[in-house]
1. 7 Å from Cα along Cα→Cβ at both VAL241 and GLU91: what's the point-to-point distance in nm?
2. So for segment 152-268, averaging the separation of alpha carbon pairs under 8 Å that are six or more residues apart and normalising by length, what relative contact order in percent results?
3. For the pairs LYS96/LYS201; LYS240/LYS410; LYS172/LYS333, note any where the Cα-Cα span goes beyond 27 Å.
4. Which of SER110, PHE208, LEU190 sits farthest toward the positive end of the charge dipole of segment 39-225, with +1 on the Cβ of Lys and Arg and -1 on the Cβ of Asp and Glu?
5. Taking H as built 1.01 Å from N, whose amide H comes closer than 5 Å to the amide H of THR196, not counting residues under 5 places away?
6. Any chance you could run the full-extension gain for ALA258 through LEU297? It's 0.36 nm times the residue separation minus the Cα-Cα distance, nm to one decimal.
7. May I ask you to sort TYR223, TYR56 by Cβ crowding, counting other Cβ atoms within 10 Å and putting the fewest first?
8. Find the relative contact order for segment 39-225 and round it to a whole percent, using C-alpha pairs within less than 8 Å whose residues are 6+ positions apart.
Amino acid sequence: MSDPCAKPRYSDMSSNPVAHDGSGAAGPHVGPALGSVEIFLARQPLLDRQGGLVAYELLFRGDRTDRAEISSDFQASSTVVHHTLAGIGIETVLGKVQGYLNVDREFLLSNLIELLSPRQIVLEILETVSPTPDVLARMVELRTRGFRLALDDFVGFGPGVESLLERVDIVKIDLLRVPVESLPVMVARLHRWPVTLLAEKVESPAQFRLARDLGFELFQGYYFARPELLTARQHPNPEKVHLLRLLALIMADSDILALEAEFRRHPMLAFNLLRMVNSAALGLRTRIDSLRHALVLFGRRSLQNWMQLALYSNTGSGGGSTPLLQMAAVRGKLMESLMQAETQADQPDLDAAFLTGILSLLEALFEMPQETVLENLYVSEEVRLALLERGGRLGRLLALAELLERDDPKALRYQLLAMPHLSVSSLLQMQIDAFAWANAVEIDFSR
């Protein structure tokens, strides 16, 4: 839809250095260019008992570069440290939360740890690390220096495990490898040590409830994006319905009076709109005298993008980072960048890509089938095909964005075969830019 009075889109108006210049050309990248780096990055979210985002596990996997591949845990961890510190910037990847980093024996004993901040990084000791005297002494030293240590992939009490449990802060239990009937006994025995229990491979709300009821404090997995769909007798959160109704009005190109009337019905939304228009990101110095004036100044395209993200900011535990907001923001920005790399992509194509990424998690947000949610929105057939079937050009880009969220480099390489214009290093740079933009969005919505 056209809007001759539209201001630059919300993503253009962030003070973040990845903002566009309004011409459709990408702005400068965050940090030094990654050049010929050939690595895949996956961020796996860690959540608390209320569903708030508290950390990411950082997983880097090497691609073929001059026939050399990352072939050991030490090389993989070294790659993470080098590129997040020197090439990317750890704050860009993590935002306001901590990062969990896999370490093997060699990395644990190396001086590379000197490059890490105990405030930002939790060292995740792989299950392959044996509790030798030098390892145990190193663990004590690192904890004295402020590092928190996690024991990865705990599946039982083998030889020497107790000496490790005495020296760690967090124990990660793989729910796929431990029988459900064995979990209560295992958890009860682990309570002998002052450790935080983290359930990993949590892929459904039912698994989350089970682990939470057993006393787990942290949870890793994508259960929050795989909802239990509502039955016909249930109703979604009314606040979310109001937001969706307003978004539908915007996408239907309703006039300014209809939009103003809807905002008047929801004072908190109106307040947030005024705060957003007055934010430093917009660079406005105009005194606003009405809601209608604020809507005109903000612009229809910016309003649409803001409302899409506001849907997700309304989830979670009130005040903390919400994983759906982060994931939706990253998907939208990444898909926009991926579309920009396509030949003959114009501004409507970029807008459609951004929209598809943002809307791709509405099923989880509303706990309703995606098709049911889309009945209330005016989206193009191309966007609908992408969201429901992962079909068409937008569907291909969405599938790639979803693969990047998982630790599956083999599937990623296969997907990239259909995109010869896209290198692994350029894909990583787009990902990093999307992280930076999503972190800026999180700051705006968390106030």
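Each value in this text was obtained by applying a stated rule to the coordinates, not by laboratory testing. All figures in this text were calculated on a predicted structure; none of them were measured in a lab. FYI the Cβ positions are ideal-geometry reconstructions off the backbone, even for glycines, and counts take in every protein chain you see.
1. 4.3 nm
2. Relative CO of segment 152-268 lands at 18 percent.
3. Working: LYS96/LYS201 23 Å; LYS240/LYS410 37 Å; LYS172/LYS333 32 Å.
Over 27 Å Cα-Cα: LYS240/LYS410; LYS172/LYS333.
4. Comparing the listed Cα positions along the dipole, PHE208 ranks first.
5. It is ILE170, VAL171, by chain and number.
6. 12.4 nm
7. Details: TYR223 25, TYR56 22.
Placing the least packed residue first, the sequence is TYR56, TYR223.
8. Relative contact order comes out at 18 percent.
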